[in-house]
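A.B. asks: Take this structure first; my questions come after.
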Amino acid sequence: GASGTGKEHVAQLIHRESRRAGKPFVAVDCGAIGRELAASEFFGHVKGSFTGAVGDKTGAFEAANGGTLFLDELNSMPIYLQSKLLRVLQDGTFRSIGSTEVKRSDLKIIAALNQDPIHEIACGHLRQDIYYRLSIMSISIPPLRERKEDIQSFVETFIKRHNKTFQKQIRYVSHELIQRLQDYDWPGNVRELEHIIVYGMSVVSGQADTLTFADVEEKFAQLSRTFSSAEKILSMSLNQAVDGYERDLIHRALFQSKGNVSEAAKALCVPRQTLQRKIKQHGLDPAAFQG
């Protein structure tokens with residue numbers, strides 16, 4: 001599923017409904033781990049095994065023993081580490097960095113990709129053997145624009161989740177708000193929808209019990225202006241349309257990677273230097289997508 005479609009929530013649901021429910025659910029964002037610490041994050045390390053290893057560390061494989069390990073954005077995991085992961089998948093054993101002790105872990109592994117796996121294999125971001133090893137069962141999570149009937153349920157869930165955070169008592173959602181949300185294509189998927197609702201809840205009056213379109217209108221208009229409509233594209237020359245499409249793709253990649261140029265370059269399958277040049281060409285600022 002694309003970034004923001006709720007892959008981790010699906011993984012948590014699978015875990016809760018499995019015989020491993022009650023055991024640990026450990027989620028690792030493969031794209032957020034620095035290359036120098038990646039092996040330690042997964043396999044752990046012993047004190048003194050490298051500079052900065054001031055104590056023993058339990059890795060994700062050991063922490064998830066008996067339960068489920070969710071590998072988010074597997075295509076962002078360094079290739080060398082994918083090779084190590086393949087060995088664990090084959091026999092369930094691993095060694096912490098700096099240790100000679102062989103450990104065994106019994107767990108369910110759920111891996112998520114934010115791009116088509118064949119595309120990622122062709123780009124060199126994903127090992128073919130590890131993909132086929134993991135793809136015993138595949139679930140495709142459609143983008144939010146293809147399941148707009150779910151929007152009201154998502155909105156109600158987000159309101160319940162964040163009422164305590166903002167000390168609000170919101171119980172209702174206006175019909176206009178739901179209708180306007182359903183008319184939008186949501187390039188940022190469920191994550192973008194939650195961002196809109198959180199914004200609205202942060203500005204709504206503390207005494208209000210209903211979230212309305214007026215509460216989110218400013219932020220919603222800001223997002224809507226970002227993406228070109230089909231009608232606007234049809235009025236352009238070919239060069240203008242191509243240029244605009246390229247800018248929108250880069251904008252979406254930066255939005256989904258929260259301004260991380262390296263991750264955006266991986267998603268677009270282009271060298272980082274090329275993307276930096278195009279970011280400058282289109283007048284985009286990666287820092288504006290952070291946070």
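A.B. asks: Quick one: which of 33, 14 is modelled with pLDDT under 85 and surrounded by 15 or more Cβ atoms within 10 Å (Cβ to Cβ)? So that I can check it myself, show each step before the final result.
C.D. replies: On the way: 14 fails: modelled with pLDDT under 85.
From the options 33, 14, the qualifying one is 33.
A.B. asks: In addition: In region 126-164, how many residues are open to solvent by less than 100 Å² (accessible area, probe 1.4 Å) and either within 21 Å of residue 177 (Cα to Cα) or in contact with a Gly (Cβ under 7 Å, 6 or more places away or on another chain) (or both)? Outline the logic, then answer.
C.D. replies: First, the residues of region 126-164 that are open to solvent by less than 100 Å² (accessible area, probe 1.4 Å): 126-127, 129-131, 134-135, 138, 141-144, 147-148, 150-159, 162-163.
Those left that are additionally either within 21 Å of residue 177 (Cα to Cα) or in contact with a Gly (Cβ under 7 Å, 6 or more places away or on another chain) (or both): 141, 143-144, 147-148, 150-159, 162-163.
Number of matching residues: 17.
A.B. asks: Let me ask something additional. Name the single residue, out of those in region 17-58 being among the charged types (D, E, K, R) and within 29 Å of residue 261 (Cα to Cα), that is farthest from the chain's Cα centre (by Cα). Walk me through how you get there before you give the answer.
C.D. replies: Of region 17-58, the ones among the charged types (D, E, K, R) are 17, 19-20, 23, 29, 35-36, 41, 47, 56-57.
Restricting the remaining residues to those that are within 29 Å of residue 261 (Cα to Cα) gives 29, 35-36, 41.
Details: 29: 8, 35: 18, 36: 21, 41: 18 Å.
That would be 36.
A.B. asks: Give just the number: which of (1) surrounded by 18 or more Cβ atoms within 10 Å (Cβ to Cβ); (2) within 30 Å of residue 271 (Cβ to Cβ) does residue 173 not satisfy?
C.D. replies: Among (1) surrounded by 18 or more Cβ atoms within 10 Å (Cβ to Cβ); (2) within 30 Å of residue 271 (Cβ to Cβ), the lone unmet condition for residue 173 is (2).
A.B. asks: Then there's this: Of all residues in region 174-184, count the ones that are within 27 Å of the chain's Cα centre (by Cα) and within 11 Å of residue 210 (Cβ to Cβ). Talk me through it step by step, then tell me what you get.
C.D. replies: Pass one, region 174-184, residues within 27 Å of the chain's Cα centre (by Cα): 177-184.
Filter again for within 11 Å of residue 210 (Cβ to Cβ), leaving 177.
Going through region 174-184 one residue at a time, the tally reaches 1.
A.B. asks: Pairs needed: first member in region 71-89, touching a residue at least 60 places away in the same chain (Cβ under 8 Å); second member anywhere, among the acidic types (Asp, Glu) and in a helix (DSSP H, G or I); C-beta distance under 8 Å; at least 6 residues apart or different chains.
C.D. replies: 72/8; 75/120; 76/263
A.B. asks: Filter region 238-291 down to the residues that are among the β-branched types (Val, Ile, Thr) and open to solvent by less than 80 Å² (accessible area, probe 1.4 Å), then identify the one that is farthest from residue 120 (Cα to Cα).
C.D. replies: Going residue by residue through region 238-291, those that are among the β-branched types (Val, Ile, Thr) are 242, 250, 261, 270, 274, 279.
Still in the list and also open to solvent by less than 80 Å² (accessible area, probe 1.4 Å): 250, 261, 270, 274, 279.
Details: 250: 18, 261: 18, 270: 12, 274: 18, 279: 22 Å.
By that ranking, first place goes to 279.
A.B. asks: Can I ask one more? Among the helices (runs of 4 or more DSSP H) confined wholly to region 37-112, which include 2 or more residues that are surrounded by 15 or more Cβ atoms within 10 Å (Cβ to Cβ) and modelled with pLDDT under 90? Quick ask: steps written out before the conclusion?
C.D. replies: Details: elements: 38-43, 60-63, 79-91.
Because the criterion is at least 2 residues that are surrounded by 15 or more Cβ atoms within 10 Å (Cβ to Cβ) and modelled with pLDDT under 90, the helices (runs of 4 or more DSSP H) in region 37-112 that meet it are 38-43, 79-91.
A.B. asks: Scan region 263-291 and report the pairs whose first residue is without any contact (Cβ under 8 Å) to a residue 24 or more places away in the chain and whose second residue is open to solvent by 60 Å² or more (accessible area, probe 1.4 Å) and in a helix (DSSP H, G or I), with Cβ atoms within less than 6 Å and a gap of 6+ or a chain change.
C.D. replies: 265/272
A.B. asks: Do we find that residue 8 is surrounded by fewer than 21 Cβ atoms within 10 Å (Cβ to Cβ), closer than 30 Å to residue 151 by Cα, under 24 Å from the mean Cα position of the chain (by Cα) and in contact (Cβ under 8 Å) with a residue 12 or more places away in the chain in this structure? Let's see the steps before the verdict.
C.D. replies: Working: surrounded by fewer than 21 Cβ atoms within 10 Å (Cβ to Cβ): yes; closer than 30 Å to residue 151 by Cα: yes; under 24 Å from the mean Cα position of the chain (by Cα): yes; in contact (Cβ under 8 Å) with a residue 12 or more places away in the chain: yes.
In short, yes.
A.B. asks: Pairs please, first residue from region 31-58 and within 17 Å of residue 72 (Cβ to Cβ), second anywhere and among the charged types (D, E, K, R) and open to solvent by less than 30 Å² (accessible area, probe 1.4 Å), Cβ atoms under 7 Å, 6+ apart in sequence or on different chains.
C.D. replies: 31/73
A.B. asks: Kindly provide the set of residues from region 196-222 that are open to solvent by 50 Å² or more (accessible area, probe 1.4 Å) and under 19 Å from residue 185 (Cα atoms), ordered by number.
C.D. replies: We begin by selecting, within region 196-222, every residue open to solvent by 50 Å² or more (accessible area, probe 1.4 Å); these are 199, 202-203, 205, 207, 209, 214, 217-218, 222.
The answer is 199, 217, 218, 222.
The values are calculated or read from the model by the stated rules, or taken from the named source; none is laboratory data. If you're wondering where the values come from, they're calculated on a predicted model, not measured in any experiment. Note that we place each Cβ from the backbone using ideal geometry, even for glycine, and neighbour counts take in every protein chain shown. Only protein heavy atoms, including side chains, enter the accessible area calculation; ligands, DNA and RNA are left aside. Shrake-Rupley method; radii C 1.70, N 1.55, O 1.52, S 1.80 Å.
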